[in-house]
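Have a look at the structure below before the remarks.
The values are calculated or read from the model by the stated rules, or taken from the named source; none is laboratory data. Keep in mind that this is a model prediction, so the values were computed, not measured. Counting neighbours? That spans all protein chains shown, and the Cβs are built from the backbone with ideal geometry, glycine included. Areas reflect the complete protein model, heavy atoms only, side chains present, ligands, DNA and RNA absent. Shrake-Rupley method; radii C 1.70, N 1.55, O 1.52, S 1.80 Å.
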Amino acid sequence: MNGVHDMGGMHGFGPIPIEEDEPIFHEDWEARALAMTLALAGWQRWNLDRSRYAREALPPADYLSMSYYERWVAALVDLAVENGLLSGEELRQGRAALDAERSDPPVTADRVRAILSRGVPTAREVSAVPRFSVGDAVRTRNIHPAGHTRLPRYARDKCGEVALHHGAHVFADAHAMGQGEQPQHLYTVRFSARELWGDEASPKDSVHIDLWEPHLDAR
Amino acid sequence: MTQDSHSHDHPHSLLPSDPELRVKTLESLLVDKGLVDPAALEAFIQVYSEEVGPMNGARVVARAWSDPDYRARLLADGTAAIGELGYGGRQGEHLKVVENTPELHNVVVCTLCSCYPWAVLGLPPAWYKSSAYRARVVREPRSVLREFGLDLSEEVEVRVWDSTSEMRYLVLPQRPEGSESLSEEALAQLVTRDSMIGVSKVLEPGRGDQ
């Protein structure tokens, strides 16, 4: 979706807010927000791509005014309701419905480290032959889907060169939309800075972006 | 914005808007319903507060500086070589290491969200997640790097890596001069988080190993 989350190249955000000796969490609630997001993912009612889409789908003005973990919390609540873990009434009351069945959490403390060390790998074996090889000239598609996409706006309809091939990976654009994994070959494509930003960019510089086969055409 | 203006599509607006109160209410709801285990929440927080952080990536870099065979394996297959040191998993399932040289400087971003190699660097700093960094580093990397105190010559090539997939990028910084006699452990002390994101150089020997 063409949301405000797709920030590459935008003007007006000012200097980088560098903070010396920054703590891992600025507030205790940020740590709780992180932990709840990881724990609730254990219900497997949504995947990581869907989570990212839920954050992107926050109203643009809210997205920009919220901090990182505020976005996480908002998206988490939206997903929990959409997937039947919580009800609107429970949110309004701030407590569990009287007739709510008590569940057994799928993620218990003793499983946390194993879950984190396993992670969620996205590489998949596919029989499809990769359409591109390293060194191939490609052009990104000019697409503007209303749903999730990992092809940033600043890199659409641009010419690049395949720099790396990573095999096939779960296709985030489909996976976020409840359309299954649909694994596709994944490449890192090199774009010269001048192709993306014009002649003011340094002729030496480039941006490397990971893109799936459906984002690319041969040229 | 009023609390209810998006309540139809966005149930989160039914909770208090103050973040601390919102999180507290949510947590008590989730615990009450048995949706999360309070002890599991503590365990997640402990892992990312104490067990996983930039010291992991620093050990990878120090090993690469000390052992040419390891360096070769690391650049060829980051996931496997980093796995040799016991790191991987969540937000480090697929790792690619990119090497800085006198002629080439690499810097990492995620313009669409804030993807970051948690397994080797821990949780990202606020500036990495900021709109300013996400918006600017792809378009004007050299000015952004100058804000971090890194003034690169026009002769140096700058490569920006926008983490749009589940590949996670780690920069292998240049080993500093004067570090030839240092042990792997002392080398790791020179490697900062920011040098592995690519917004600064590593510390000079004699400064970081005190």
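Results, tabulated for the structure shown:
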| item | result |
| --- | --- |
| Matching option when the condition is within 14 Å of another protein chain (Cβ to nearest Cβ) and part of a loop (DSSP other than H, G, I, E, B), among B:Leu35, B:Leu21 | B:Leu35 |
| Qualifying residue in the range A:84-101 (condition: within 12 Å of chain B (Cβ to nearest Cβ), in contact with a Leu (Cβ under 9 Å, 6 or more places away or on another chain) and either under 28 Å from A:Ser206 (Cα atoms) or among the hydroxyl-bearing types (Ser, Thr, Tyr) (or both)) | no |
| Any hit, the range A:96-104, residues being outside any loop (DSSP other than H, G, I, E, B) and out of contact with any Asp or Glu (no Cβ under 7 Å at 6 or more places or on another chain) | no |
| Filter result for the condition that a residue is touching a helix residue (DSSP H, G or I) at 6+ places or on another chain (Cβ under 8 Å), of a type in the set (Lys, Arg), open to solvent by 30 Å² or more (accessible area, probe 1.4 Å) and closer than 21 Å to B:Ala81 by Cβ, over B:Arg159, B:Arg139, B:Arg175 | B:Arg175 |
| Qualifying residue in the range A:133-145 (condition: within 17 Å of the chain's Cα centre (by Cα), more than 14 Å from chain B (Cβ to nearest Cβ) and on the phi > 0 side of the Ramachandran plot) | no |
| Residue match in the range B:115-134 (condition: small (Gly, Ala, Ser), surrounded by fewer than 20 Cβ atoms within 10 Å (Cβ to Cβ) and over 30 Å from A:Gly119 (Cβ atoms)) | no |
| Flag for A:Arg52 being in a loop (DSSP other than H, G, I, E, B) and not assigned by TED's automatic domain parsing to the domain that holds A:Met177 | no |
| Filtered residue count, the range A:77-99, keeping only those that are over 10 Å from B:Leu29 (Cα atoms) and without any contact (Cβ under 8 Å) to a residue 40 or more places away in the chain | 12 |
| Failed criterion for A:Ile24 (all others in (1) open to solvent by less than 50 Å² (accessible area, probe 1.4 Å); (2) facing chain B (nearest Cβ under 7 Å); (3) among the hydrophobic types (A, V, I, L, M, F, W, C) hold) | (1) |
| Residue in the range A:146-157 that is in a strand (DSSP E or B), crowded, with 20+ Cβ neighbours inside 10 Å and under 16 Å from the mean Cα position of the chain (by Cα) present | no |
